[in-house]
Amino acid sequence: MRHFLIGAAVALAAPGAALLLDGALFSGAARADVKTGVDAWTQGDYVKAVTEWRPLANKGDADAQFNMGQAYKLGRGVPTDLPIAMEWFRKAAEQGHLRAEDNYGILLFQQGSREQAMPHLRNSAERGEPRAQYILGTALFNGEFVGKDWVQAYALMIRASKSGLAPATASLQQMENYIPAEQKKQGLLLASELEKKTAHTLAAATEKDNAPFPAKDMPKPIALAAATPKPKPAPEKPAPLKTVPEKPVAPGAVTAPAASPGDWRVQLGAFSEEGRAATLWSSLSKKVSGLSAYRPFYVKGGAVTRLQVGPLGTAADAQKLCQSIKAAGTDCIPKKL
């Protein structure tokens, strides 16, 4: 009879986190020594459980190796040590232990060996493992570590989402914005085929096995890259330049002198694009009372356009106007022509 823990095959638990389901899965001929360890684990005696499993794991028992991986991953009966946990999962996976391969692939991905993890994640995804379906589906959508395949990506994300995996549901909603209708149709058919193919492997899982995975237990996903650039909004057209006030100047507001044009201006900034200068003028002429009575000048110098306002008769006039502009939050410098 095979005896191995089934909790972390369901959720990639963080160090110290509880198993989603403590217990054992029994099949085949019984081996009391492995079962003794599982019973001890279930009762909370993790040290005894590890003591029972370690000699068997060292002799090559796949179930015991898987259980040792669980212990080191969760820090039960031994210190938490992910590299050691991964080594035990690898040894068990090489002997055909499917749950060990599930955990090994996800831990590889989580620890940064993403390309190395992909073959194991693909095997797990084909068996219906939702976390692996989510990760592989994202990689296939982005074309990272594997070739881009939107049909397969869509199908895998549908299956992962239907398992209750919240990140998969969120990614599926993003995919809807990019995948063409025909490819979605093909993906739906493939998802149905995957469901039938994996039904027998999921039938043995308990209801708790299929519960949504806690977000804290999920490996960090590959960012869902935008397949096509979203159209950029058209740049705002600058308001027409005005040389006369739109409305009468309010009493007490800054007014242009009645004397000759003068040889003073105030400079409000220098811009690489003339449109930005025009936009600033449009904004300030409405914000600073009386400013629209003056004329904007767009003075080009190389690749720069300077926004100046005038004309002003004296330095005192220019300084007074600058004070009003600065009060509105914009820098201002008097300039003599």
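All of the numbers you see were taken from the coordinates with simple rules; none came from a lab. The shown structure was predicted, so the numbers you read here are calculated from the model rather than taken from an experiment. For neighbour counting, all protein chains shown are included, and Cβ atoms are generated from backbone atoms with ideal geometry for every residue, glycine included.
Under a point spin-label approximation (7 Å from Cα along Cα-to-Cβ), what is the TYR178-ASN58 distance to one decimal in nm?
5.0 nm
Could you pull out the pairs from LYS73/LYS184; LYS73/LYS148; LYS73/LYS196; LYS287/LYS320; LYS35/LYS196; LYS162/LYS185 whose alpha carbons sit more than 28 Å apart here? Could you put the intermediate results ahead of the total?
On the way: LYS73/LYS184 38 Å; LYS73/LYS148 33 Å; LYS73/LYS196 32 Å; LYS287/LYS320 16 Å; LYS35/LYS196 33 Å; LYS162/LYS185 17 Å.
Listed pairs above 28 Å: LYS73/LYS184; LYS73/LYS148; LYS73/LYS196; LYS35/LYS196.
Test of understanding: ordering ASP263, ASP331, ASP61 by Cβ neighbours within 10 Å, fewest first, what list do you get?
Arranged by neighbour count, lowest to highest, ASP263, ASP331, ASP61 become ASP331, ASP263, ASP61.
If the cut-off is 20 Å between C-alpha atoms, which aspartates and glutamates fall inside it for LYS300, apart from same-chain ones fewer than 8 positions away?
ASP263, GLU273, GLU274, ASP331
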